[in-house]
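A short worksheet on the structure shown next.
Please treat every number below as a calculation from the coordinates, not as lab data. The structure displayed is predicted, hence computed values, not measured ones. With ideal geometry, Cβ positions are generated from the backbone for all residues, glycine too; neighbour counts draw on all protein chains shown.
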């Protein structure tokens, strides 16, 4: 079973992603802020990280940069998952070290297909 770390501070968004992922056979690990994301990623070594950008303590960009700096987890795919959908936001996420970008609100119909490209 593939393990996915969902980094999200909004309870409703977290619930929806957890529901969709578990329904499709994935184990879900959760973090609610950027610092926790770095620590949980280091401890759990998930197969994929879904990283919100607007987070408390460390934003998703900084959390991604910190994860990329840790040798044993630097290659875990990270997908930015954010309501930041303006021109340049995708590039900013990719420049921070994300492998992909999904704009919120997520589409439950295509969400699994989008993330499976990175697993």
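Overview of values
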{"read-out": "Rounded FRET efficiency, nearest 0.05, which uses the C-beta distance separating residue 103 from residue 69 and R0 of 22 Å", "value": "0.25"}
{"read-out": "Among 25, 34, 97, residue whose mean-square fluctuation peaks in a GNM of the chain (springs only between Cα atoms under 10 Å)", "value": "25"}
{"read-out": "Segment residue 110-residue 94, extension gain: residue separation times 0.36 nm, minus the distance between their alpha carbons", "value": "3.7 nm"}
{"read-out": "Highest-MSF residue in the chain out of 104, 90, 66 [GNM, Cα springs under 10 Å]", "value": "104"}
{"read-out": "Anisotropy class of the range 1-84 from Cα gyration tensor, a/c 1.5 cut", "value": "oblate"}
{"read-out": "FRET efficiency, 1/(1 + (r/R0)^6) with R0 41 Å, evaluated for residue 119 and residue 87 via beta carbons", "value": "0.90"}
{"read-out": "GNM result for the chain, Cα springs below 10 Å: residue of 38, 87, 28 fluctuating most strongly", "value": "87"}
